[in-house]
Amino acid sequence: MGCREHDDVMENRLTRAIYDHSPVALQHLYTTAFGYLKRWRRYGATYRRYREFFERSFSWSRAEIEAYRDQKVAEVVRCAYEQVPFYRRRMETAGLVPDDVRSVADLPKLALLEKEDLRRAGRDILAADFPPRRIRAAATSGATGFPVVNYWSVEAEQREYGFHWARRRPGVERADSYGSFTGLQLMRPDDMTPPFWRHNRAANQTCYSIFHMTLETMPLYAEEIRRRGHVYLEGYPSPIAILAKVMLDRGIEPPASVRHVFATSEQLQDEHRTWIEEGFGARVWDQYGQNEKAGSITEYDCGHLHDDMDYSVIEYLPAGRTETGEPLYEMVCTGFDNLAAPLIRYRIGDMAVLDESDAPCDAYAGRIVKCIYGRTAHALVGRDGRRITNISVIAKRCRHVDAMQCVQEEVGQVQIRVVRAKGFTQDDEREILDQFRHKMGEMDFAIRYVDGIERTASGKFLSILSKVRPDEAGTGGPCDAASTGAPK
């Protein structure tokens, strides 16, 4: 196939079955082997070069950043026109040539890039001058429920981790022990036998299953974190916050080693930040990014979220107001260094609330963002108390689906709303149900086919919409969809 298309989607039923039915000791070994593969991919000469670059550019002035952005926009647009069939056709149709787009100010001359455009473009989004062996691919859906195949170069992946370690992990080192709370399927959902985690010794990482967290099992999680001496935790903030709340309610002492918690992939709710800080006695750091590597927003030591303006261009297009009346902006991203499959004016599907004053900050010159708006922490609640806060790991594995949303009105029951794409069959329906049952265990799932997914009054798309009352949901309850976070 050339590039490794659907790298994490075509997981391979055989390898999945082998893993699921292997002893725990072998699962630790498989996890570590995959960790060594990821380390080899991520950390090379390109990683070191970009880490040094982003450490330097952190101290640039706004004028220096803006000059750099203009240079990168011109470079990306020219490469896209010369090497990528999709962009060449699009620009020729619009009567544009590369010299027409030489700065950030010129970007609005180009059409917005929709997720549907990427689906239709297929491999026409790939640059002709990139060797297929140096291109990776995987499906992504993020919080939007719209699965799209994402392509990136080996160099772009190492750039991402150069930025990651230059800016997103203050106060910790690569060798430090840490725990991850993400959507990895570490064990079968019907297996409630501990341990509910697997170790990746290649990265000194313990991966914790968010699909097995109940009031009965969470004290075991807290004890393992203490035993492992993790310096930091990372991942979806909602399961980490729920664990912290259980620790507070039961008087479980915070693990003394945990100093930092890095929140990713969901909107960090005020309540969750408080629970984590109190339950773990650690500083919480917020950040925003995507698998597409098209935009980045990071919380720095000043306490503000900053648009990482030397990472990419994020345009903020007016999109109405929040439920509390603040101006709301849709984020449209132009990535810089993934020239194998450039994303130019990409509608990522997320919203932001800005500091309208655009006041300068001594920590970093990038614009201050008050909060990311839309990656809510609604949760699906199972009969045994398990809470699922993110369905992207499922949505990206479902074929012939344009959009997906889970609606829950009663504990243990979920309606899966599906917008079918061309080619959808009964086999695809069975696969959707199989994926949900395999990830979430004992719940009643029903599929409802719809023509579109409703958005909130402010334009948000919620991949999970919970109508379960907090007293029915147990610890934490579903979070308020109207929350916009608080200024840092």
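The values are calculated or read from the model by the stated rules, or taken from the named source; none is laboratory data. Predicted model, so just to flag it, every value in this text is computed and none were measured. All Cβ positions, glycine included, derive from the backbone under ideal geometry; neighbour counts span all protein chains shown.
Taking Ser296 as meeting all but one of (1) within 23 Å of the chain's Cα centre (by Cα); (2) not assigned by TED's automatic domain parsing to the domain that holds Gly162, write down the number of the exception.
(2)
Condition test on Met331, is it in the same structural domain as Arg123 (by TED's automatic domain parsing) and touching a strand residue (DSSP E or B) at 6+ places or on another chain (Cβ under 9 Å)? Let's see the steps before the verdict.
Values: in the same structural domain as Arg123 (by TED's automatic domain parsing): yes; touching a strand residue (DSSP E or B) at 6+ places or on another chain (Cβ under 9 Å): yes.
So Met331 fits the description; yes.
Considering every residue within region 63-79, establish whether at least one is closer than 30 Å to Ala128 by Cα, among the aromatic types (Phe, Trp, Tyr) and under 23 Å from the mean Cα position of the chain (by Cα).
no
Checking the condition aliphatic (A, V, I, L, M), closer than 30 Å to Val419 by Cα, surrounded by 17 or more Cβ atoms within 10 Å (Cβ to Cβ) and touching a residue at least 40 places away in the same chain (Cβ under 8 Å), which residue from Ile210, Ile225 passes? Step through it out loud before you land on a result.
Numbers: Ile225 fails: closer than 30 Å to Val419 by Cα.
The match here is Ile210.
Go through region 61-83 residue by residue and tally those that are of a type in the set (Lys, Arg) and in contact with a strand residue (DSSP E or B) (Cβ under 7 Å, 6 or more places away or on another chain). Give the steps one after another, and end with the answer.
Filtering region 61-83 for residues of a type in the set (Lys, Arg) gives 62, 69, 72, 78.
Filter once more, keeping what is in contact with a strand residue (DSSP E or B) (Cβ under 7 Å, 6 or more places away or on another chain): 69.
Of the residues in that region, 1 qualify.
Name the residue that is nearest to Ala341 (Cα to Cα), counting only residues in region 111-127 that are assigned to a loop (DSSP other than H, G, I, E, B) and in contact with an Asp or Glu (Cβ under 9 Å, 6 or more places away or on another chain). Talk me through it step by step, then tell me what you get.
Step one: filter region 111-127 for residues assigned to a loop (DSSP other than H, G, I, E, B), giving 111-112, 114, 126-127.
Within this subset, residues satisfying the condition of being in contact with an Asp or Glu (Cβ under 9 Å, 6 or more places away or on another chain) are 111, 127.
Values: Ala111: 17, Ala127: 6 Å.
Here the residue is Ala127.
Tally the residues that are in contact (Cβ under 8 Å) with a residue 40 or more places away in the chain and closer than 11 Å to Tyr373 by Cα, restricting the search to region 327-337.
Restricting attention to region 327-337, the residues satisfying the condition of being in contact (Cβ under 8 Å) with a residue 40 or more places away in the chain are 328, 330, 332-337.
Narrowing the set further to residues that are closer than 11 Å to Tyr373 by Cα leaves 328, 330.
Within region 327-337, residues that are in contact (Cβ under 8 Å) with a residue 40 or more places away in the chain and closer than 11 Å to Tyr373 by Cα number 2.
When you scan region 211-255, how many residues do you find that are among the aromatic types (Phe, Trp, Tyr) and assigned to a helix (DSSP H, G or I)?
Of the residues in region 211-255, the ones among the aromatic types (Phe, Trp, Tyr) are 211, 221, 232, 236.
If we keep only those that are assigned to a helix (DSSP H, G or I) too, we end up with 211, 221.
Total satisfying the criteria: 2.
If a residue must be in a helix (DSSP H, G or I), among the aromatic types (Phe, Trp, Tyr) and either in contact with a Lys or Arg (Cβ under 7 Å, 6 or more places away or on another chain) or outside the structural domain of Lys109 (by TED's automatic domain parsing) (or both), how many such residues does region 49-74 contain?
So in region 49-74, the residues in a helix (DSSP H, G or I) come out as 49-57, 62-74.
Then drop every residue that is not among the aromatic types (Phe, Trp, Tyr), which leaves 50, 53-54, 68.
Remaining after also requiring either in contact with a Lys or Arg (Cβ under 7 Å, 6 or more places away or on another chain) or outside the structural domain of Lys109 (by TED's automatic domain parsing) (or both): 50, 54.
Residues flagged as in a helix (DSSP H, G or I), among the aromatic types (Phe, Trp, Tyr) and either in contact with a Lys or Arg (Cβ under 7 Å, 6 or more places away or on another chain) or outside the structural domain of Lys109 (by TED's automatic domain parsing) (or both) within region 49-74 amount to 2.
Do you know which of the residues in region 350-398 that are touching a His at 6+ places or on another chain (Cβ under 8 Å) and hydrophobic (A, V, I, L, M, F, W, C) is modelled with the lowest pLDDT?
Ala377
Name the residue, out of Val313, Val246, Val284, that is of a type outside the set (Lys, Arg), more than 25 Å from Glu157 (Cβ to Cβ), surrounded by 21 or more Cβ atoms within 10 Å (Cβ to Cβ) and modelled with pLDDT of 95 or more. Spell out how you get there, then give the answer.
On the way: Val313 fails: more than 25 Å from Glu157 (Cβ to Cβ); Val246 fails: modelled with pLDDT of 95 or more.
Only one candidate passes the filter, namely Val284.
What number goes with the only condition from (1) in contact (Cβ under 8 Å) with a residue 12 or more places away in the chain; (2) surrounded by fewer than 20 Cβ atoms within 10 Å (Cβ to Cβ); (3) assigned by TED's automatic domain parsing to the domain that holds Ile225 that Ala203 does not pass?
Result: Ala203 passes all but (2).
Could you pull out the residue among Asp301, Asp308 that is of a type in the set (Asp, Glu) and either under 21 Å from the mean Cα position of the chain (by Cα) or within 19 Å of Ala156 (Cβ to Cβ) (or both)? Walk me through it before giving the result.
Values: Asp301 fails: either under 21 Å from the mean Cα position of the chain (by Cα) or within 19 Å of Ala156 (Cβ to Cβ) (or both).
Only one candidate passes the filter, namely Asp308.
Can Ala156 be described as of a type in the set (A, V, I, L, M, F, W, C) and not assigned by TED's automatic domain parsing to the domain that holds Tyr208? If you could, list the steps in order and put the result at the bottom.
Details: of a type in the set (A, V, I, L, M, F, W, C): yes; not assigned by TED's automatic domain parsing to the domain that holds Tyr208: yes.
Yes.
Of all residues in region 293-310, which are surrounded by 22 or more Cβ atoms within 10 Å (Cβ to Cβ) and of a type in the set (D, E, K, R)?
Lys293, Glu299, Asp307, Asp308, Asp310
Are any residues in region 35-48 assigned to a helix (DSSP H, G or I) and under 24 Å from the mean Cα position of the chain (by Cα), and if so, which ones?
From region 35-48, those assigned to a helix (DSSP H, G or I) are 35-42, 45-48; that's our starting set.
Correct list: Gly35, Tyr36, Leu37, Lys38, Arg39, Trp40, Arg41, Arg42, Thr46, Tyr47, Arg48.
Only strands (runs of 3 or more DSSP E) wholly contained in region 268-381 count here; list those with 1 or more residues that are over 26 Å from Phe54 (Cβ atoms), among the small types (Gly, Ala, Ser) and out of contact with any Lys or Arg (no Cβ under 6 Å at 6 or more places or on another chain). Let's see the steps before the verdict.
On the way: elements: 283-288, 297-299, 305-307, 312-321, 327-335, 346-354, 368-373.
Passing ranges, in order: 312-321.
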